[in-house]
């Protein structure tokens, strides 16, 4: 409050009017535009470029890469939806991962903000360390935990769960959903492992994103509701949740967009038939198929998808904020 | 306020889930053989000496990681300081444009930014050189010090500035005696945030390095085809250790809950 009133006061006119920083500012804008904006312009330009067999690409203006994405390379003779499917899996995995992460982060963050300042600081150090941990390490950890030889399948086998399921005749169900081989449980590759790892990846982000909103929640509100006889569950449902509805929605959306580009997790844990757009961008630009313009076109589509979701989210949250 | 039994149980479970993969990786580093087994077989500390001393691949990778992380964090702070300062002094369209540009790489899926940087550096001739990687990470993570420095600038009491102005201090003097000292902890926090994230970053560095040099995360990914080995787990331990140390320093010398957006009035 004090800040805005200070700004509203008429400031005394500066005695020396000089603007040496203008050139500096323009220089900074130019430098940042080069580093932060130009890369995206390159992606956009090259997506219309022409692929040279075995050499790379040349500037051009053709829509063949977009056509290949939406209709298949051989359209109109045949129609292929492989890349639309890939985009679908990107959206599918990212949505489930983000929702699970936020759903599990919400109660955690709520309890975290009720702790002492000191305990909060310790937790924040742990969370930030986990959040910044490289995806390759996290994948490494879950790879061991889910591996057939020394991970969860071996544990389930050891405690007799595998045999129990076989005796009960439920084992077939696990095979049907792709979580078991004929003899034992198998989580690599599976949608379960992918979603688990993705949710794990963004869970600390979810906590950090929800933390400001929940920590600014007036404890008097909760106390008042409790005094009036509401049970803890009721308080969360009727007081806490409605007041952090927007941050909840916003963080889910941000994490969803972040997860759209996940590469390592998908390439290790997802079945090749369920690989996402990020994997095929990688294959086109640096990997096996080497078609930079097509990779760029796929990147543009991923970018537009992410942008559309962010814009729609902003519209929705504005509407929700005024309602 | 007391936390309910359910609350403590939930937090405990979350902590276990959070720690599980990290502990498993750490334990696997002790394996005597070449494969990642848990619990470790034939425990030994040989992998640590391999990672830090005897295997040049890992030593070089670690060296590259350190160089990129430190220099790109310094560049990120250099980008962020004027931007935060301009925004704080007077939020003109130009300073908003600067902040917006810095936020851009952060708001899109990182793989797209990586692909774009790869194209740009190959066009400008920097692809595969370390400085291009450093600049790329500097641009990618400049948003972090921008946020922490802005929080620091906002925490300066305007009364101090008014007092300085009344007593005839020039802009330079005010900057040196009031603004700079009060924002140093926030600047250092921003530096550490950028450094730790750059240290751990994978996909952007992958496209920018173009296989001509490797950081630790890249080297681990490159070796992934042959499966994970205990030596890589040593890398993971090193990285976790660096992150915890950096964020502990931030917490020790700065106000971490405030940096993360906690309410000021409650303690």
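The values are calculated or read from the model by the stated rules, or taken from the named source; none is laboratory data. A quick note: this is a predicted structure, and the numbers were derived from the prediction, not measured. No Cβ is skipped: glycine too gets one built from the backbone with ideal geometry, and neighbour counts run over all protein chains shown.
Does residue B:30 qualify as being in contact with a helix residue (DSSP H, G or I) (Cβ under 6 Å, 6 or more places away or on another chain) and either more than 9 Å from chain A (Cβ to nearest Cβ) or surrounded by fewer than 22 Cβ atoms within 10 Å (Cβ to Cβ) (or both)? So residue B:30 does not fit the description; no. Going by what's in this entry, would residue B:106 be described as more than 17 Å from the chain's Cα centre (by Cα) and within 10 Å of another protein chain (Cβ to nearest Cβ)? When the stated conditions are applied, residue B:106 does not pass them. For residue A:291, the conditions (1) in contact with a strand residue (DSSP E or B) (Cβ under 8 Å, 6 or more places away or on another chain); (2) crowded, with 23+ Cβ neighbours inside 10 Å are fulfilled apart from (2). Screening the stretch B:76-97 for residues that are surrounded by 24 or more Cβ atoms within 10 Å (Cβ to Cβ) and facing chain A (nearest Cβ under 9 Å) and picking the one that is farthest from the chain's Cα centre (by Cα) gives B:83. Screening residue A:223 against (1) assigned to a helix (DSSP H, G or I); (2) more than 14 Å from chain B (Cβ to nearest Cβ); (3) over 22 Å from the mean Cα position of the chain (by Cα) leaves a single unmet condition, (2).
From the list B:74, B:91, B:61, B:83, pick out the single residue that is within 25 Å of residue B:140 (Cβ to Cβ) and assigned to a loop (DSSP other than H, G, I, E, B). So the residue among B:74, B:91, B:61, B:83 that is within 25 Å of residue B:140 (Cβ to Cβ) and assigned to a loop (DSSP other than H, G, I, E, B) is B:91. Taking residue B:249, is it touching a helix residue (DSSP H, G or I) at 6+ places or on another chain (Cβ under 9 Å) and modelled with pLDDT of 85 or more? For residue B:249, the condition - touching a helix residue (DSSP H, G or I) at 6+ places or on another chain (Cβ under 9 Å) and modelled with pLDDT of 85 or more - is met.
Just to verify a result, which residue in the stretch A:258-307, among those that are outside any helix (DSSP H, G or I) and touching a residue at least 12 places away in the same chain (Cβ under 8 Å), is nearest to the other protein chains (Cβ to nearest Cβ)?
A:261
Considering (1) touching a strand residue (DSSP E or B) at 6+ places or on another chain (Cβ under 7 Å); (2) within 14 Å of chain B (Cβ to nearest Cβ); (3) modelled with pLDDT under 80, the lone condition that residue A:148 does not fulfil carries the number (1).
For the stretch A:125-147, a tally of residues being touching a residue at least 12 places away in the same chain (Cβ under 8 Å), more than 24 Å from residue B:206 (Cβ to Cβ) and within 21 Å of the chain's Cα centre (by Cα) returns 1. Within the stretch A:20-31, can one find any residue that is at pLDDT 75 or above, facing chain B (nearest Cβ under 9 Å) and more than 30 Å from residue B:83 (Cα to Cα)? No, that holds for no residue.
If the requirement is being assigned to a helix (DSSP H, G or I) and modelled with pLDDT of 90 or more, which of these qualifies: B:206, B:239?
Result of the check over B:206, B:239: B:206.
The set of residues from the stretch A:268-279 being more than 12 Å from residue A:191 (Cα to Cα) and surrounded by fewer than 24 Cβ atoms within 10 Å (Cβ to Cβ) comprises just one member, A:279.
Just for the stretch B:127-144: of the residues that are over 23 Å from residue A:300 (Cβ atoms) and not in a helix (DSSP H, G or I), which one is farthest from the other protein chains (Cβ to nearest Cβ)? For the stretch B:127-144, the residue satisfying everything is B:129. Does residue B:172 satisfy being assigned to a loop (DSSP other than H, G, I, E, B) and without any contact (Cβ under 8 Å) to a residue 24 or more places away in the chain? Spelling it out, it is not the case that residue B:172 is assigned to a loop (DSSP other than H, G, I, E, B) and without any contact (Cβ under 8 Å) to a residue 24 or more places away in the chain. Being in a helix (DSSP H, G or I), within 20 Å of the chain's Cα centre (by Cα) and buried (at least 18 other Cβ atoms within 10 Å of the Cβ) is a property that does not hold for residue B:164. Could we say that residue B:181 is part of a helix (DSSP H, G or I), touching a residue at least 40 places away in the same chain (Cβ under 8 Å), more than 10 Å from every other protein chain (Cβ to nearest Cβ) and surrounded by fewer than 24 Cβ atoms within 10 Å (Cβ to Cβ) here? No. Quick one: how many residues across the stretch A:172-200 are out of contact with any helix residue (DSSP H, G or I) (no Cβ under 6 Å at 6 or more places or on another chain) and surrounded by 24 or more Cβ atoms within 10 Å (Cβ to Cβ)? Adding up the residues that qualify gives 0.
Scan the stretch A:242-257 for residues that are assigned to a helix (DSSP H, G or I) and either within 16 Å of residue B:7 (Cβ to Cβ) or within 14 Å of chain B (Cβ to nearest Cβ) (or both) and the total you get is 9. Read through the list (1) more than 25 Å from residue A:204 (Cβ to Cβ); (2) more than 10 Å from chain A (Cβ to nearest Cβ); (3) free of Cβ contacts under 8 Å to residues at least 60 places away in the same chain, then give the number of the only condition that residue B:50 fails. The one condition residue B:50 does not meet is (3).
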